[in-house]
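Working notes, structure below.
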Amino acid sequence: MEAEHRNIIIIGGGAAGAFAALTAAENGGKCLILEKNEHIGRKLRITGKGRCNLTNNCDTDTLISKIPRNGRFLYSAFAKCSPLDVMERFETMGVPLKTERGNRVFPVSDKAEDICSALKNALKKTGIPVIRARVKKLLIENGRCTGAVTADGKIYRAEKVLLATGGVSYPVTGSTGDGYEFAKQAGHTIIEPVPSLVPLETKENWCAEAAGLTLKNVRLTIFEKNKRRYDDQGEVMLMAYGISGPLTLSASAVLKEPSKEQYTAFIDMKPALTEQQLDARILREFNDSKNGILGNILRKLMPPQLIAPVCSISGVQPDLRISVLTKEQRSAIVKTIKAMPLHITGTRSIDEAIITRGGVSVKEINAKTMESKICSGLYFAGEIIDADGYTGGFNLQIAFSTAYCAGISMTQADDTN
């Protein structure tokens, strides 16, 4: 059963799909979106804890540095569509934006729904149909993608087809990996999808004892044996299973196979102080309370939930009187506060991951156009591509930049792969 013909079909109505459709339409493309969810941007609505960290207000070199794998592949896309371009685009669509700590960009309203509404209204105003349909397979004829077939048997034909179906993180939003199967149908290699920007599980149980506590302005450092793999300052959340929070999520993006337990994390609770400075401060506190109890005095330095773990790791009893505390014991406490150890045993499941690491191999995609090098007429944008970044708006910027490239390219004459 043949359906309406358009010269561009976009499979997936998320951030990348909608942005690509608008870009293509502005350049003369006649396109439609096939989206299996009832509304577009379902995953977009929950990003940034419902606030939508739209992008990061930084330059291209910083963008590249925040993408641990295949960042150079995105250089051309970022050059064509920068964070400033994305910000201007959404403000033109009626969404005032603001830049917060770490150059993170949010709607002034702090509502992700405003971003989704802006995209939805722009699609409607531009006359781009959004058809609720689940794609079953691609149409591929003589090495070229010529359309798609939906689950109800309808055939949608087009000169160009864009896969913007996302990854497999947050599957309740519709990211169920369909796009990987379509890409494989076209002959593409799929780098195994695994969770990224995901909480980490640890061997130690002291995290569970302090579960729910957020450590602010701490430094998280992760080593693979003796090699430093991650080091940054910010927030860490203690959970029953281990650690979460912004630093943890970004750290997860650089760890390979953490389930093999080759990574050790250290939390520096006083990064602004050297060991010598911290020791001097503790000594001042002790001198003011020579007959005091260690645990009571440590409350001035850290949350009470951490006193027992710090003392346990240091090998010192929290009920010990300051008057009998040795220099060696004080030194052990200082070292523990500056580097509380955690042995990573794995990540939480893909259901808890913000994004997916892996996807369509970038070696098989034209970096300037986002067109397949294997199957002409087939394009990719967003999380389906094997390129992901840290937290801070970098992954949505990847989605918008690759979508822009694809949107422009699909309106032009056939590109040479």
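Just so it is clear, none of the values below were taken in a lab; they were calculated from the coordinates. Since the structure is predicted, the reported quantities are computational estimates derived from the model, not experimental observations. Cβ atoms come from the backbone with ideal geometry, glycine included; neighbour counts cover every protein chain shown.
Relative contact order, percent, of region 233-348 when contacts are C-alpha pairs under 8 Å separated by at least 6 residues? Before the final figure, lay out the partial values.
Working: 122 pairs, mean separation 43.8, N = 116.
Taking the mean separation of contacting Cα pairs over the length of region 233-348, I get 38 percent.
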> By its C-alpha gyration tensor, with a ≥ b ≥ c as the square roots of the eigenvalues, how is region 296-417 shaped: rounded for a/c under 1.5, else prolate for a/b larger than b/c, else oblate?
Replying inline: prolate
> Hey, what do the phi angles of region 191-198 turn into as Karplus ³J(HN,Hα) couplings, whole Hz, using 6.51/-1.76/1.60 and θ = phi - 60°, x for Gly and Pro?
Replying inline: 6, 3, x, 9, x, 9, 6, 9
> Hey, got the dipole for region 259-338? About the Cα centre, +1 on K and R Cβ, -1 on D and E Cβ, debye to the nearest 20?
Replying inline: 140
> Rounded if a/c is under 1.5, else prolate if a/b beats b/c, else oblate: with a ≥ b ≥ c from the C-alpha gyration tensor eigenvalues square-rooted, which is region 199-347?
Replying inline: prolate
> What lysines sit close enough to residue 80 to cross-link, taking a C-alpha to C-alpha distance under 17 Å and skipping anything fewer than 8 places away on the same chain?
Replying inline: 368
> What list of whole percents do you get for P(r) of the chain, with Cα-Cα distances grouped in 20 Å bins up to the one holding the largest distance?
Replying inline: 26, 46, 21, 6, 0
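On a full-extension model of 0.36 nm per residue, what is the gain between residue 141 and residue 98, subtracting their alpha-carbon distance, rounded to one decimal in nm? If you can, show how the numbers build up before the last one.
Values: separation 43, 0.36 × 43 = 15.48 nm, distance 4.70 nm.
Length difference between fully extended and current span is 10.8 nm.
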> Taking amide hydrogens as modeled 1.01 Å from N in the peptide plane, which residues meet the under 5 Å criterion relative to residue 339, leaving out close sequence neighbours?
Replying inline: 269
> Between 237, 44, 389, whose Cα lies farthest towards the positive end of the dipole of the chain when Lys and Arg beta carbons carry +1 and Asp and Glu beta carbons carry -1, centred on the Cα centre?
Replying inline: 237
> Looking at 81, 8, 34, which one has the Cα that reaches farthest to the positive end of the dipole of region 1-81 (charges on Cβ: Lys, Arg +1; Asp, Glu -1)?
Replying inline: 81
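Scan region 319-417 for GluC sites (Glu not before Pro) in coil per DSSP, keeping those whose Cβ has at most 14 other Cβ atoms within 10 Å, and list them by number. Mind dumping the intermediate values first?
Details: sites: 328, 352, 364, 371, 383; in loops: none.
Sites meeting the loop and neighbour criteria: none at all.
Across the chain, where is the longest run that never hits trypsin sites (Lys or Arg not before Pro) in a DSSP loop with at most 10 other C-beta atoms within 10 Å?
Details: sites that count: 225, 290.
Between the exposed loop sites, the longest stretch runs 1-224.
Pairs of alpha-carbon atoms within less than 8 angstrom and 6+ residues apart define the contacts here; what relative contact order does the chain have, in percent? Each step should come with its number before you reach the end.
Values: 957 pairs, mean separation 101.7, N = 417.
This gives 24 percent for the chain.
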> Put +1 on the Cβ of every Lys and Arg and -1 on every Asp and Glu Cβ in region 199-347; which of 320, 263, 278 then has its Cα farthest towards the positive end of the dipole?
Replying inline: 278
>> Using amide H atoms built in the peptide plane, which far-off residues or other-chain residues are under 5 Å from residue 69 H to H?
In response: 388
> Hey, what do the phi angles of region 224-231 turn into as Karplus ³J(HN,Hα) couplings, whole Hz, using 6.51/-1.76/1.60 and θ = phi - 60°, x for Gly and Pro?
Replying inline: 9, 6, 9, 9, 6, 9, 8, 7
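Quick check for me: using +1 on Lys/Arg Cβ and -1 on Asp/Glu Cβ, what's the dipole size of region 199-347 about its Cα centre, in debye to the nearest 20? The partial results should precede the final answer.
Numbers: 20 positive and 16 negative charges, 76 e Å.
For region 199-347, the charge dipole is close to 360 debye.
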>> Compute the distance from the alpha-carbon center of region 303-317 to that of region 372-393, in whole Å.
In response: 46
> Can you list the residues, at least 5 places off or on another chain, whose amide H is less than 5 Å from the amide H of residue 263, using H built in the peptide plane?
Replying inline: 344
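Between residue 121 and residue 217, take the C-beta separation as r, use R0 = 30 Å, and let me know the FRET efficiency to the nearest 0.05. If you can, show how the numbers build up before the last one.
Details: r = 40 Å, r/R0 = 1.33.
The value I calculate is 0.15.
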>> Nothing charged except the Cβ atoms of Lys and Arg (+1) and of Asp and Glu (-1): what's the magnitude of the dipole of region 149-228 about its Cα centre? Round to the nearest 20 debye.
In response: 380
> Residue by residue through region 336-344, which ³J(HN,Hα) values in whole Hz follow from phi under the Karplus form 6.51 cos²θ - 1.76 cosθ + 1.60 (θ = phi - 60°), with glycine and proline marked x?
Replying inline: 5, 4, 7, 7, 6, x, 9, 9, 7
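Per-residue ellipticity at 222 nm for the chain, helices alone: DSSP H runs ≥ 4 residues times -39500 (n - 2.57), over residue total, nearest 500 deg cm²/dmol? Before the final figure, lay out the partial values.
Numbers: 13 runs with 123 residues, N = 417.
About -8500 deg cm²/dmol.
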